[in-house]
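Down below is the structure, laid out as structure tokens.
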Amino acid sequence: MPALRITKQGEPVLKKVSQPVDYEAIREKLPALLKDMWATMYAVRGVGLAAPQIGLNIRLSIIDIKPGGKSRPLVLINPKMLSSEGELREEEGCLSLPGIYARIIRASRVRIRALDAEGKPYEMSGEGLLARAFQHEIDHLDGKLFIDHLPFEERLKVMGLIRDLKKTWN
Ligand code: NI
């Protein structure tokens, strides 16, 4: 299964608010789509990937933070943030901004609701890296990248780095 190209910062698909998924309409295509998304994410050792990162503006993301070194794949269809608490400033990166890392403030604990790959609703709480991944991947579906959370001056610095790095992106 060949990995798909990952869209990069500056491409319009990453700035759009994605459309809700009509599960029944996508049901037949979903297994193949997810297989491609997992292959794409694992090929670059990512811990999350959102549909806009493969060029699709639909509310679908995948996450596998491999807790304790063991794979635990999560599919998030039409995810919603139910609650969030606390604050944590940690380094973050994104497959759509290769080579760029910045410390971003996120809620330290969140609870989400989503549909799984079978279309069944579930709720899940996450702390630490999982909480961060939930927020990062839901942001992608709202057209936001992690650098959008940076204060103005820091964002300017990062934009300079991006200009330099962009030529190396494919
Ligand atoms: Ni990302």
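Residue 98 fails exactly one of the following numbered conditions: (1) under 18 Å from residue 47 (Cβ atoms); (2) open to solvent by less than 80 Å² (accessible area, probe 1.4 Å); (3) out of contact with any Pro (no Cβ under 6 Å at 6 or more places or on another chain); (4) in a strand (DSSP E or B). What is the number of that condition?
Single failed check for residue 98: (4).
For the range 102-170, give me every one of the strands (runs of 3 or more DSSP E) that falls completely inside it and has 1 or more residues that are more than 16 Å from the ligand (Cβ to nearest atom) and under 29 Å from residue 36 (Cβ atoms). Walk me through how you get there before you give the answer.
Numbers: elements: 102-106, 109-115, 121-127.
Counting at least 1 such residues, we get 109-115, 121-127.
Would you check which residues across the range 7-24 are in contact with a Leu (Cβ under 8 Å, 6 or more places away or on another chain), open to solvent by less than 90 Å² (accessible area, probe 1.4 Å) and in a loop (DSSP other than H, G, I, E, B) and list them?
Matches in the range 7-24: 7, 8, 9, 18, 21.
Report yes if residue 72 is open to solvent by 20 Å² or more (accessible area, probe 1.4 Å) and within 14 Å of the ligand (Cβ to nearest atom), otherwise no. Spell out how you get there, then give the answer.
On the way: open to solvent by 20 Å² or more (accessible area, probe 1.4 Å): yes; within 14 Å of the ligand (Cβ to nearest atom): no.
Spelling it out, it is not the case that residue 72 is open to solvent by 20 Å² or more (accessible area, probe 1.4 Å) and within 14 Å of the ligand (Cβ to nearest atom).
Provide a single number: the residues in the range 115-168 that are at pLDDT below 95 and of a type in the set (S, T, N, Q).
Matching residues across the range 115-168 total 1.
Within the range 34-64, restricting attention to residues that are part of a strand (DSSP E or B) and more than 11 Å from the ligand (Cβ to nearest atom), which residue is surrounded by the fewest Cβ atoms within 10 Å (Cβ to Cβ)? Full working, then the answer.
First pass over the range 34-64, keeping only residues part of a strand (DSSP E or B): 48-50, 58, 60-63.
Then keep just the ones that are more than 11 Å from the ligand (Cβ to nearest atom); that gives 58, 60, 62.
Details: 58: 18, 60: 29, 62: 23.
Among those that are part of a strand (DSSP E or B) and more than 11 Å from the ligand (Cβ to nearest atom), it is 58.
Going by the conditions given, is residue 78 more than 16 Å from the ligand (Cβ to nearest atom), assigned to a strand (DSSP E or B), farther than 19 Å from residue 67 by Cα and not β-branched (Val, Ile, Thr)?
On the way: more than 16 Å from the ligand (Cβ to nearest atom): yes; assigned to a strand (DSSP E or B): yes; farther than 19 Å from residue 67 by Cα: yes; not β-branched (Val, Ile, Thr): yes.
Yes: the conditions hold for residue 78.
The values are calculated or read from the model by the stated rules, or taken from the named source; none is laboratory data. Since the model is a prediction, treat every value here as computed from it, not as a measurement. Ideal geometry is used to build each Cβ from the backbone, glycine not excepted, and the neighbour counts take in all protein chains shown. Just so you know, the surface numbers come from the protein's heavy atoms only, side chains and all, with ligands and any DNA or RNA stripped out. Shrake-Rupley method; radii C 1.70, N 1.55, O 1.52, S 1.80 Å.
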